[in-house]
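The values are calculated or read from the model by the stated rules, or taken from the named source; none is laboratory data. Predicted model only: the values in this text are computed from it and were never measured. Please note: Cβ atoms are built from the backbone with ideal geometry, for glycine as well, and neighbour counts cover all protein chains shown. For accessibility, only protein heavy atoms count, side chains too; no ligands or nucleic acids. Shrake-Rupley method; radii C 1.70, N 1.55, O 1.52, S 1.80 Å.
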Amino acid sequence: MIVTLIVICEVGFWVLLAGGLALRYFAKMPRASVAVLLCEPLLEALLLVVTVIDLKNGAEPDWKHGLAAVYIGFSVAMGHSMVKWADARFAHRFAGGPRPAKAPAGGAARTLHEWKTAGRWTLAAAIAIGLLQAGIWYVGGDGNVDSLRMWQQRMLWLIGINVIIALSYTVFPKKVEESRSRKSLF
């Protein structure tokens, strides 16, 4: 049931996003668009409530409960940037808006971009770790919480990988001239 609800929440996210953007750009109803887009966090709240109820009713914590916590963490941390990303592309494609900016090719701007990206992923993983820890405390010492701890370890790995990627752009920055010359080859 939890996995089905996660899939429903993900589909619901994209349906609400498409509906909100359609209201904004096709129907010219910006307030209605904002109202629809503000409904997206309700999906994560629903998933959280259903997961807690499932655990309260005696379900043994397993990978599905961990996945729900991870999904909520990523939705909270990445949701706003996903909406901005989609809005920029939708405005360009359907409303004559400017072409969305690409990630910087190199230099300090690319390094800063990579650190911001790592920060978003770290925030997502930290939220997931916090929710997983809350689940561990909620279940208490009576239940088997190994699967929740396994998800916490995966989130720590995710943080580490993102920090290493950002650090590599700091230590070995890509020069802007190099990135331009590589583009001209193709």
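Brief remarks on what is shown
- Cleavage-rule hits, trypsin sites (Lys or Arg not before Pro), region 9-47, DSSP coil, Cβ neighbours within 10 Å at most 12: K28
- Around G79: net Lys/Arg minus Asp/Glu count, Cβ-Cβ under 12 Å: -1
- Protein accessible area in the chain, 1.4 Å probe - carbon and sulfur %: 69
- Theoretical FRET efficiency, 1/(1+(r/R0)^6), r = Cβ-Cβ of M82 and K56, R0 45 Å, to 0.05: 0.90
- Residue-wise HN-Hα couplings along region 79-93, as the Karplus relation 6.51 cos²θ - 1.76 cosθ + 1.60 with θ = phi - 60° gives them from phi, are x, 5, 5, 5, 5, 4, 4, 5, 4, 4, 6, 5, 4, 5, 6 Hz; Gly and Pro carry x.
- Part-to-part distance (alpha-carbon centres) for region 82-106 and region 5-39, which is given in Å: 17
- Angle between the chain longest axis and helix 176-185 axis [Cα atoms, degrees, rounded to 10]: 80
- For a straight C-alpha distance cut-off of 23 angstrom, the lysines reachable from K175 (same-chain residues fewer than eight places away being disregarded) are K102, K116, K183.
- Pair-distance profile P(r), taking every C-alpha pair of region 35-186, with 5 angstrom steps and integer %: 2, 9, 13, 14, 14, 14, 12, 9, 7, 4, 2, 1, 0
- The HN-Hα couplings worked out from phi for region 142-151 by the Karplus form 6.51 cos²θ - 1.76 cosθ + 1.60 (θ = phi - 60°) are 6, x, 8, 10, 4, 5, 5, 5, 4, 5 Hz, whole numbers, x standing for Gly and Pro.
- Candidate lysines - alpha carbon under 26 Å from K64, same-chain residues fewer than 8 apart omitted: K56
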